[in-house]
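Report on the structure given below.
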Amino acid sequence: MAGLSAGHTICGIVRINGGMPVPERKKRYSSFTVCQQMLIDIIEEISVGTVIVLVSSLIAWLYHIRQLYATAPVLFQNASEGKDDAIYQIIVSNRGNQVEENVRVELDPSISAEIVAANLSGVVLENSVIRIERIHKKQEVNLLLRVKNARFDFSKILSVSSNETTGKICKSPRDIPFNYGISALVVSVLIGIFPILYYAGQVVEYIDDRFEEKNLKAVSNQGWSNLDDYQESDLRQSYSDNEFPVRLVGIKKKADYSGTAIPAGLKDIWNQLDEKKSVLLKYEINNKTASDLGVLAFRKGVRNAMPFYRNVSPLSKETIFIPVKTVPASGIVRTEFMFRLNDEWLDRIDHSVNTGTLKEATGHLKQTVINPKPGKSQVALQ
């Protein structure tokens, strides 16, 4: 399998020897990308905090709004002692969250009336003004008014007020709004259910991912990382917790191949490799699925890294070589893999190996995990 040169890249697609197109790999994990992600996270946190403050302030403001209303809804009956007298109901409602003191309900001066009954003591009518000493929060005062020789409705109520506010006249009790603060709180809770459910789903997904990571600990110990997409893929279903579609089976220097056949796919770049400094990573691809498995691999962190591709038939194995022209001073070589199974692409799957302590005795390698940094595993081949 020959490597792919830059000339094979057209419109963001890498076409492998005229075969299936493979999405061209973008440069990731650059300092710009990290800073950009940090900036997005900061903006998201600021936005969430701002929304919370604004909503909380709005609820607090609505909670303290005074809501004083008056209405005259019902004609009860004709008075028995006079054909022209009638009983009407007046409702004075405090829907707010503060006590209203010295409430005044001013009636049309042309109305001659008297209070027949009220559900609160201390309610008096003087000079066309109904006076109520105090109405507690969310309390409603009902009184019956005998009106002489006139029709009475809400239009005969000129105003309603208290020491702290001027209320509103409503046509009927149905027009009196609910408590603003409670209404805003209920709406906020209903709206907040959606992000709560979203973040609850995120928590469940996080727990599930951590559980799956624990199951794939043996694979991680072999140097594989960024397995989130693999965990949820169809490809994962064909392998046990201790297996992975690709494994490193050998690593040699170019000099080790003198007098032997050049590995497949390396003929075009063979002369570019140094006899002593260059090494070859040999991976075995084991396709245990019932479909063709495409594997694209290239050096990570190397500019213009050449990709290498293998298409493996169902229930068969292939090898793929990754040349390392110059081993970094740290000895750690990182290779990135992309997998194609049917129409599903998995990318950003990384493999790390420490070539500095490598000694190959046979075709099989013993792997030891090295953890130079918490949360990242690398492999020393001994």
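The values are calculated or read from the model by the stated rules, or taken from the named source; none is laboratory data. Keep in mind the model is a prediction, meaning the values are calculated, not measured. Every residue, glycine as well, gets a Cβ built from its backbone with ideal geometry; the counts of neighbours run over all protein chains shown.
Descriptive notes on the structure:
- Residues of the range 124-133 satisfying the condition of being part of a strand (DSSP E or B) and out of contact with any Leu (no Cβ under 9 Å at 6 or more places or on another chain): Val124, Glu126
- Considering Tyr63, Tyr69, the condition of being at pLDDT below 75 and within 30 Å of Ser159 (Cβ to Cβ) is satisfied by Tyr63 alone.
Matching residues to (1) surrounded by fewer than 16 Cβ atoms within 10 Å (Cβ to Cβ); (2) over 22 Å from Asn311 (Cβ atoms); (3) at pLDDT 85 or above; (4) not aliphatic (A, V, I, L, M):
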{"site": "Val203", "(1), (2), (3), (4)": "yes, yes, no, no"}
{"site": "Glu213", "(1), (2), (3), (4)": "yes, yes, no, yes"}
{"site": "Gln222", "(1), (2), (3), (4)": "no, yes, yes, yes"}
{"site": "Tyr230", "(1), (2), (3), (4)": "no, no, yes, yes"}
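- Only one of the listed residues (Pro263, Pro323, Pro328, Pro314) is under 16 Å from His351 (Cβ atoms), outside any strand (DSSP E or B) and not aliphatic (A, V, I, L, M). That residue is Pro328.
- In the range 168-199, the residues that are among the β-branched types (Val, Ile, Thr) and closer than 18 Å to Glu100 by Cα: Ile169, Ile176
- Within the range 162-186, restricting attention to residues that are exposed (fewer than 13 other Cβ atoms within 10 Å of the Cβ) and part of a helix (DSSP H, G or I), the residue that is farthest from the chain's Cα centre (by Cα) is Arg174.
- Residues satisfying the stated conditions in the range 138-153, i.e. surrounded by fewer than 16 Cβ atoms within 10 Å (Cβ to Cβ) and not in a strand (DSSP E or B): Lys138, Asn149, Ala150, Arg151, Asp153
- For the range 132-170, a residue qualifies if it is acidic (Asp, Glu) and touching a residue at least 60 places away in the same chain (Cβ under 8 Å), and the qualifying residues are Asp153, Glu164.
- Residue that is touching a residue at least 24 places away in the same chain (Cβ under 8 Å), over 15 Å from Ile91 (Cβ atoms) and either part of a strand (DSSP E or B) or over 49 Å from the mean Cα position of the chain (by Cα) (or both), where the choices are Ser110, Ser121: Ser110
- Among residues of the range 242-257 being within 24 Å of Gly294 (Cβ to Cβ) and charged (D, E, K, R), the one that is surrounded by the most Cβ atoms within 10 Å (Cβ to Cβ) is Arg247.
- Unique residue being in the same structural domain as Val324 (by TED's automatic domain parsing) and free of Cβ contacts under 8 Å to residues at least 40 places away in the same chain when the list is Asp268, Asp256: Asp256
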